[in-house]
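Worksheet: the structure to be examined is printed underneath.
Readers should treat all values here as calculations from the given coordinates under stated rules, not as data from a laboratory. Remember, predicted model here, so these are calculated numbers, not experimental data.
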């Protein structure tokens, strides 16, 4: 499933692409400067594998901001770190 995302100094916010919430709407809710924005998908090697990563791409037309090459690795690390803290 394709997701939308924005990246701020505090981290990433992601939500389903099939909603009517644009990148600019989420940016207004977060109330932080948006560093990058676009779309992402969650990739898992298999249902029996612990390996998973995010792939970020594209751009937000409503914010006129693109995704950045480092976003994929940063998003994967961000959610891995959050997962470790809650485990």
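Once you have the Kirkwood Rh of the chain from its Cα pairs, apply Stokes-Einstein at 25 °C and 0.890 mPa s and quote D in µm²/s.
Numbers: Rh = 13.3 Å.
For these conditions, the coefficient is 184 µm²/s.
Taking only C-alpha pairs under 8 Å that are 6+ residues apart, what is the relative contact order of the chain in percent?
On the way: 142 pairs, mean separation 21.6, N = 87.
Once divided by the residue count of the chain, the mean separation gives 25 percent.
Given the rule -39500 (n - 2.57) for each run of at least 4 DSSP H residues, summed and divided by the residues of the chain, what is its mean residue ellipticity at 222 nm, to the nearest 500 deg cm²/dmol? Intermediate results must be reported in sequence, preceding the final value.
Numbers: 2 runs with 24 residues, N = 87.
One gets -8500 deg cm²/dmol as the mean residue ellipticity at 222 nm.
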